[in-house]
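Presented below is the structure to which this report refers.
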Amino acid sequence: MMVRDRLRPEVFRLPIEKIRAGYKSDIYFARTKLILERDKRRENVTMQIFQKHPDAVIVGTDQVLALLHVGTGRYRERERAERVFARYLDAERRLYARWLALPRQTWKDYEPIAREVFEISHELASLWEPGWQDLKVRSLYDGEIAQPGEPVMHIEGEYASFAHLETLYLGALAEGSRVATNTREVVASANGKPVIMFGARHEGHEAQAGSGYAAYVGGAVAVSTDEQGEWWGSRGLGTVPHALIAVYGGDTTVATLKFDEYVNRATDRVGHLTAQGTPEGHVNVTALVDFRNDVVNTSLGVAHALGQRLWGVRVDTSEALVDLSIVRELQEKEGFAGGSDVRGVTPRLIELLRAALDEAGYRHVRIVASGGFDAQKIERFEALGVPVDVYGVGSALVHGSGFDHTADIVRVNGKDLAKTGRHYIESDRLHPVEWKALVEEADWISQSS
């Protein structure tokens, strides 16, 4: 899915002070900026960005623009700015320590350090000379497909003003494109059936918003945390977890009833108690049914208890286990077809579950399959016509290699100049970036005046 409405820079809530100081940059890029500034080199360059994966879904271009917006420029009185930034880091750490002490701390205790952080940030901002408005950028949109070696973005401007940002913008493109491409492949395998991203536990929490957005661009219909949905205006979606079932003594039916009672019928969409419950806050009740390793009987028990209120059941059987439904069939029909494929979430297990639900009158209950699913496993299920309604996919969406992006200077002061083996590649697919349409008008006026 190509996204032609670019995300505005403020969406990303970037750590501006650290970006400008080169704190998050590979040290050689930060030192390159230092050298060029001290040697008063103001060369205008064209930076060309590409990757090597075939049919890659490019995501991260909007985040790159946000990085260029807040990070392009230089500090007046660089040595002073470095000293001020060191104070900023110290004050930030002390502020966090005070925050951890809440609620024992009062505003009287907290306010001096909070004010100190603000004043240091203000001082750094007053020393910063922005340069984003002088950059000419041409870029693909998030969601467009790129081939190996094809330009993803051209950045033209004074290199010293953005030399320190390469680490950050290449990282944004690599991560976003990896998740989006992985998701696109999984979604294509699912033949139109919804795919939910369960990838939050496979990455550091800092990656959630970017990965969730990339999965959305790649075709996922939902994510599991609110932060994963933040950039595209969605909320987390999920099922009754194993942990809740364990707290209720391993009784999946009781845990699901409690979920329905306290999430749907007593709260609104932001978790506030209401007098009667609110339809707009309704969550589709989906029970996780493998706790006792007997998904058929567990699903029937939950369906009997909830009836039409049960939206679906999720099967997440460990790949080390053989579900009791399969065991019973093995005992009754020795050597049934597919006898070697008995562990985890198997086609036969889903078929047995669907048949049992239908026979008991619960045709409305959907089946969500998760646990070890990737594009290949989904393709196999679909080829066999397995009656899965929704796929939940985790690590397969966020892991993988081959999505690294490369940036090269290919022109200097308008003349072709690049490392051996690289050269400027013209592309009529790149779209000019209109800064005035992307940033706030007041920001544009103040920075360009």
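The values are calculated or read from the model by the stated rules, or taken from the named source; none is laboratory data. Just so it is clear, the model here is predicted, and its values are computed rather than measured. Using ideal geometry, Cβ is built from the backbone for each residue, glycine included, and neighbour counts are taken over all protein chains shown.
Counting only residues that are closer than 24 Å to A86 by Cα and aliphatic (A, V, I, L, M), which one in segment 22-65 is surrounded by the most Cβ atoms within 10 Å (Cβ to Cβ)?
The residue in question is L36.
So, V263, is that one at pLDDT 95 or above, in a helix (DSSP H, G or I) and surrounded by 15 or more Cβ atoms within 10 Å (Cβ to Cβ) or not?
No.
For the condition under 32 Å from the mean Cα position of the chain (by Cα) and of a type outside the set (D, E, K, R), what is the one hit in I120, I113?
Testing whether each residue is under 32 Å from the mean Cα position of the chain (by Cα) and of a type outside the set (D, E, K, R) leaves just I120.
Residue-by-condition table, conditions (1) crowded, with 19+ Cβ neighbours inside 10 Å; (2) within 33 Å of the chain's Cα centre (by Cα); (3) not assigned by TED's automatic domain parsing to the domain that holds A214:
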{"residue": "N297", "(1), (2), (3)": "no, no, no"}
{"residue": "A303", "(1), (2), (3)": "yes, no, no"}
{"residue": "L306", "(1), (2), (3)": "yes, no, no"}
{"residue": "V313", "(1), (2), (3)": "yes, yes, no"}
{"residue": "D316", "(1), (2), (3)": "yes, yes, no"}
{"residue": "I350", "(1), (2), (3)": "yes, yes, no"}
{"residue": "I378", "(1), (2), (3)": "yes, yes, no"}
{"residue": "P387", "(1), (2), (3)": "no, yes, no"}
{"residue": "V390", "(1), (2), (3)": "yes, yes, no"}
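For segment 49-56, state whether one or more residues are within 15 Å of F162 (Cβ to Cβ) and in a strand (DSSP E or B).
Looking through segment 49-56, at least one residue is within 15 Å of F162 (Cβ to Cβ) and in a strand (DSSP E or B).
Answer yes or no as to whether V70 is assigned by TED's automatic domain parsing to the domain that holds K33 and outside any helix (DSSP H, G or I).
When the stated conditions are applied, V70 does not pass them.
With a cut-off of at least 3 residues that are free of Cβ contacts under 8 Å to residues at least 12 places away in the same chain and not β-branched (V, I, T), name the helices (runs of 4 or more DSSP H) lying wholly within segment 316-429.
Values: elements: 324-332, 347-359, 375-383, 395-398.
Filter on segment 316-429 gives 324-332, 347-359.
Which number in (1) assigned by TED's automatic domain parsing to the domain that holds A200; (2) within 36 Å of the chain's Cα centre (by Cα) marks the one condition that H405 misses?
(1)
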